[in-house]
Amino acid sequence: MSATSLRADGVEQPVSAAIPFTKPWVLGRELEYVAEAVRTGAIAGDGPFTRRCARLLEERFGIRKVLMTPSCTAALELAAQLCDLRPGDEVIVPSYTFVTTASSFVRLGARPVFVEIRPDTLNIDPGRIEDAVTRRTRAIFPIDYAGVGCDMDEILEIARRHRLRVVEDAAQGVNAFYKGRALGSMGDLGAYSFHHTKNLVCGEGGALCVNDPGLIERAEILRDKGTDRTKFLRGQVEKYTWVDVGSSSIPSEITCAFLAAQLEAMDTITARRREIDRHYRHRLAPLEAAGLLRLPVVPPQCESHCRAFHILLEGAGVRDGLMAFLKRHGVSAVFHFVPLHVSPMGRQFGYRPGDLPLTEDLAGRILRLPSFGTITAAQQDRVADLITAYLGGVGARGAVAYSFSAVVAACQEVEV
Ligand SMILES: Cc1ncc(COP(=O)(O)O)c(C=O)c1O
């Protein structure tokens, strides 16, 4: 069925261009840098562009050592290994996260202990962490949902009291801050993603942030196939050899050349994301005031980079109906994580639906709206108009730009 849109008189018409959920924003220097990498002939890993990316992240975010990786998942897997996690160990983690936050340590035999999230930020609830600590607990893996920092001071304090490692999954949080500190720079280790859905992208890519200096040497070894080649390249050993069980976790120079251009344009990209965020908030605020949805919450201690824009609906039925309605009108809006504790793997650890009611409820009500650097205000307006129409709220521009009853009637038609 082809997508349609609502005309001012409420009549449906085919949409000229669908609005995707996401689209990478290429600003200009990416191809130039890739060409430069190719021209020099050095396209394997850890060349000038890889070093440029790492240095930029270290300097800008105050991170002790950044090691570029092929993905955030690779960085998380390195982090889990650096925490020395083993079979029988327990790791505290929110259930509302991406699969690899947990699989990074599950593959080493450690067991996830899922904890509820806060209803405002959807980040792990620090008030519930301590109850989950047992004598087997070794680490906490919090995530910064949508680039809004989790309660790192509380989490670090609990970790200090119980001598636990903290790995901050800041996949979504590059260039976002908590109390002035960069996300990813606060735990013993942190992980970034540059996957094409993020603000700063290179297709597939990531970085490991090593904040505990005692972990740097082993991190370099694990990332480079378990060898001490990095030391050899620095002239610290005469030849390099196999010293630990590592993997191949270095991205190519081509990837890092593309990423370097994105990182250098970080301020422009973030400013644009903030503009998009402001526009959605402006358009949807009346619906929030009418109690029809809730906008993303950014606590005062957090500085967001506005990676994504989500709304929370009253219930799963409204969310699913609105999502289908938007799709029918050419707008791709999507839900997010299926809570890990109710996944087939989560159930293998003994979890069942109902174990984390808040997480399950919030996961069922969230809807993420199209958000990417090149989205236009007119496209955002169309998304907002459709949401307004579906929810039966008052038009966000004061005067509604279309015959509201006709719109509602049209919505009911497609709502079977
Ligand atoms: C919280 C979180 N962790 C980890 C990842 C995995 O990132 P990557 O695709 O770079 O491996 C993602 C990806 O979206 C994520 O959102």
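The values are calculated or read from the model by the stated rules, or taken from the named source; none is laboratory data. These figures come from a predicted structure and were not determined experimentally. As a convention, Cβ positions derive from the backbone with ideal geometry for all residues, glycine included, and neighbour counts pool all protein chains shown.
For the range 190-200, the condition holds for no residue, the condition being that it is away from the ligand (no atom under 16 Å from the Cβ), at negative phi, assigned by TED's automatic domain parsing to the domain that holds V99 and not in a helix (DSSP H, G or I). Among the residues of the range 142-157 satisfying the criterion of being farther than 17 Å from N211 by Cβ and either charged (D, E, K, R) or surrounded by fewer than 21 Cβ atoms within 10 Å (Cβ to Cβ) (or both), which is nearest to the ligand (Cβ to nearest atom)? Going through the qualifying residues, I end up with D151.
Residues in the range 327-336 that are buried (at least 20 other Cβ atoms within 10 Å of the Cβ) and under 23 Å from the mean Cα position of the chain (by Cα): V331, A333.
Could we say that L208 is modelled with pLDDT of 95 or more, surrounded by 22 or more Cβ atoms within 10 Å (Cβ to Cβ), part of a helix (DSSP H, G or I) and not aromatic (F, W, Y) here? Taking the combined requirement at face value, the residue does not satisfy it.
For the range 56-74, the set of residues classified as in a helix (DSSP H, G or I) and near the ligand (Cβ under 8 Å from one of its atoms) consists of C72, T73, A74, listed by residue number.
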